[in-house]
Amino acid sequence: MKALVIGTGGREHALALALSRDPGVGEVHVAPGNPGVAPFAERHEVDPLDGEAVAALAVSLGAELVVVGPEAPLVAGVADAVRAAGIACFGPSREAAQLEGSKAFAKQIMAAAEVPTAMAHVCETREEVEAALDAFGAPYVVKDDALAAGKGVVVTDDRDEAVEHALACGRVVIEEFLDGPEVSLFAITDGETVLPLQPAQDFKRALDGDEGPNTGGMGAYTPLPWAPDDLVEEVARRVLQPTVDEMARRGTPFAGLLYAGLALTSRGVRVVEFNARFGDPETQALMALLRTPLSALLRGAATGTLAEVGLPQWADGAAVTVVLSSAGYPASSRSGDVITGVDAADAIEGVDVIHAGTGLDDEGRLVTAGGRVLAVTAVGDDLAQARERAYAGVAEIGFDGAQHRTDIALAASQGE
Ligand code: AMP
Ligand code: GLY
């Protein structure tokens with residue numbers, strides 16, 4: 001099979017790498033991709049937001065499966081355009097992607113499907129905002145209704161800051177604060193059958209100890225030794241299946257990757273957010289352990305035949321991903337800094353260096369080209385070994401202004 005992955009980041013690199021190692025896949029193409037995929041995939045130029053252009057590229061390549069990685073093209077209807085051209089596409093329709101595209105829509109679906117989530121109010125005026133903030137009390141949680149690349153959410157004890165963020169966004173969702181650890185649970189679905197993946201955890205804050213601003217994600221690990229044994233079963237039954245069923249009932253079936261961001265609160269599991277695509281960087285860690293051929297899962301979801309595929313199988317052991325970001329991230333980012341040491345890191349046993357925001361300069365040198373630059377991913381017999389290898393990889397890599405967290409998977413590897 002010929003597969004085409006759309007996107008540029010670490011998630012797309014990890015998915016393309018998994019497809020390249022899948023015996024069912026003959027050729028992997030990535031558009032636009034990044035320099036990291038060059039050893040195993042062919043790159044093509046395309047505007048990922050232009051559905052007609054993506055569909056035309058897929059037709060010209062003879063692609064049999066297109067995988068749309070990021071949320072913006074999904075919300076823009078790129079998967080619909082590919083399907084209209086008669087090619088199987090992994091990724092929800094424009095309408096179904098509203099589960100991520102509008103937080104208010106996601107809340108409506110959860111209410112209709114009786115999915116446990118934070119109580120919330122949708123607000124558009126200062127009066128509504130202030131009333132909602134005072135009804136819930138501090139800490140205040142204010143979310144931009146629209147897509148904001150992981151930066152639309154403010155959690156603060158400062159009421160003035162909460163009001164200011166709300167007014168800057170326009171339409172917001174204000175909700176009750178959820179305590180407890182967060183879990184990312186992904187499911188692959190064809191709109192009917194739901195196959196959960198192994199749980200993972202993401203580190204959203206920029207600095208060690210969960211300090212600093214929210215980012216797209218600074219690291220991840222899987223599995224979660226501390227998670228309750230029945231977590232996947234419970235989330236499948238109370239969250240994933242009811243959501244997929246509600247979308248189907250409305251005539252807008254959700255087929256693709258349903259990402260449930262969960263808080264395990266003292267009062268039980270609550271959904272923090274839904275995303276309509278693989279999470280980044282959790283996908284890098286998950287793909288490192290997935291044993292079921294990825295193409296079978298993605299094609300099953302894209303063609304409504306997932307029931308024939310069966311539950312995903314996983315390697316024993318653990319995987320850890322540590323993100324290296326560029327100077328200034330997440331407020332800004334710096335491009336053009338020369339990166340060294342990637343090959344040395346890649347040569348460490350169990351390590352794959354996944355590119356997230358890299359480019360080539362005029363002299364063909366690898367340089368930074370975005371906020372999150374690299375995601376060093378390692379597998380090991382357990383979290384401690386995977387961590388050790390990932391950080392050994394990080395230590396090999398250098399570029400001006402490089403930043404990373406030093407505590408990815410630390411507590412879990414110590415049995416906490
Ligand atoms: P979201 O984009 O909705 O995932 O929010 C980004 C991050 O903000 C989450 O991963 C949480 O750490 C935090 N967050 C979002 N909603 C809540 C909430 N209701 N209570 C506490 N923290 C939240
Ligand atoms: N890791 C968080 C996200 O992909 O949204």
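Of all the numbered requirements in (1) of a type outside the set (S, T, N, Q); (2) within 14 Å of ligand 1 (Cβ to nearest atom); (3) more than 17 Å from the chain's Cα centre (by Cα), D280 misses one, and that requirement is (3). Restricting attention to the range 247-269 and to residues that are in contact with a Ser or Thr (Cβ under 9 Å, 6 or more places away or on another chain) and within 16 Å of ligand 2 (Cβ to nearest atom), the residue that is farthest from G180 (Cα to Cα) turns out to be G256. Restricting to the range 176-195, and then to whatever is part of a strand (DSSP E or B) and hydrophobic (A, V, I, L, M, F, W, C), can you tell me which residue is nearest to R405 (Cα to Cα)? The selected residue is V183. Note on the range 196-244: residues that are hydroxyl-bearing (S, T, Y), part of a strand (DSSP E or B) and over 19 Å from V269 (Cα atoms) total 1. Of all the residues in the range 350-399, those that are in contact (Cβ under 8 Å) with a residue 60 or more places away in the chain, within 19 Å of N34 (Cβ to Cβ) and touching a Lys or Arg at 6+ places or on another chain (Cβ under 8 Å) number 2.
Each row is one residue, and each column tells you yes or no for (1) more than 19 Å from G9 (Cβ to Cβ); (2) buried (at least 18 other Cβ atoms within 10 Å of the Cβ); (3) touching a residue at least 60 places away in the same chain (Cβ under 8 Å).
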position: A31; (1), (2), (3): no, yes, no
position: N34; (1), (2), (3): no, yes, yes
position: D47; (1), (2), (3): no, no, no
position: E52; (1), (2), (3): yes, no, no
position: V68; (1), (2), (3): no, yes, yes
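Taken as a whole, the range 349-362 holds no residue that is modelled with pLDDT of 95 or more, hydroxyl-bearing (S, T, Y) and within 30 Å of P225 (Cβ to Cβ). Within the bounds of the range 223-246, is there any residue that is within 16 Å of ligand 2 (Cβ to nearest atom), surrounded by 20 or more Cβ atoms within 10 Å (Cβ to Cβ), modelled with pLDDT of 95 or more and under 18 Å from P312 (Cβ atoms)? Within the range 223-246, one or more residues are within 16 Å of ligand 2 (Cβ to nearest atom), surrounded by 20 or more Cβ atoms within 10 Å (Cβ to Cβ), modelled with pLDDT of 95 or more and under 18 Å from P312 (Cβ atoms).
In the range 245-266, which residue that is assigned to a helix (DSSP H, G or I) and touching a helix residue (DSSP H, G or I) at 6+ places or on another chain (Cβ under 9 Å) is nearest to S325 (Cα to Cα)? Going through the qualifying residues, I end up with M247. If you go through the range 194-242 and keep only what is out of contact with any Lys or Arg (no Cβ under 9 Å at 6 or more places or on another chain), within 16 Å of ligand 1 (Cβ to nearest atom) and either more than 22 Å from Q414 (Cβ to Cβ) or acidic (D, E) (or both), you end up with D202, V235, V239. Hey, can you tell me all the residues within the range 111-122 that are modelled with pLDDT of 95 or more and touching a helix residue (DSSP H, G or I) at 6+ places or on another chain (Cβ under 7 Å)? Once the filter is applied, which keeps residues that are modelled with pLDDT of 95 or more and touching a helix residue (DSSP H, G or I) at 6+ places or on another chain (Cβ under 7 Å), the range 111-122 yields A112, A113, E114, V115, P116, T117. For the range 179-197, the set of residues classified as surrounded by fewer than 20 Cβ atoms within 10 Å (Cβ to Cβ) and either touching a strand residue (DSSP E or B) at 6+ places or on another chain (Cβ under 6 Å) or over 24 Å from V67 (Cα atoms) (or both) consists of D179, G180, P181, E182, listed by residue number. Taking the criterion of being farther than 23 Å from A81 by Cβ and more than 19 Å from the chain's Cα centre (by Cα), the residues of the range 284-306 that qualify are R291, T292, P293, A296. Checking the conditions here, which among L258, L195, L290 is closer than 28 Å to C89 by Cα, in contact with a Gly (Cβ under 9 Å, 6 or more places away or on another chain) and not polar (S, T, N, Q)? The conditions single out L195. Scanning the range 173-193 for residues that are over 29 Å from I408 (Cβ atoms) and more than 12 Å from ligand 1 (Cβ to nearest atom) turns up D190, G191, E192, T193.
Is it the case that the range 291-298 has a residue that's within 16 Å of ligand 1 (Cβ to nearest atom) and either without any contact (Cβ under 8 Å) to a residue 24 or more places away in the chain or among the aromatic types (F, W, Y) (or both)? Scanning the range 291-298 turns up no residue that is within 16 Å of ligand 1 (Cβ to nearest atom) and either without any contact (Cβ under 8 Å) to a residue 24 or more places away in the chain or among the aromatic types (F, W, Y) (or both).
The values are calculated or read from the model by the stated rules, or taken from the named source; none is laboratory data. Predicted, not measured: the structure shown is a model, and the values here were computed from it. Note: ideal-geometry Cβ built from the backbone for every residue, glycine included; neighbour counts use all protein chains shown.
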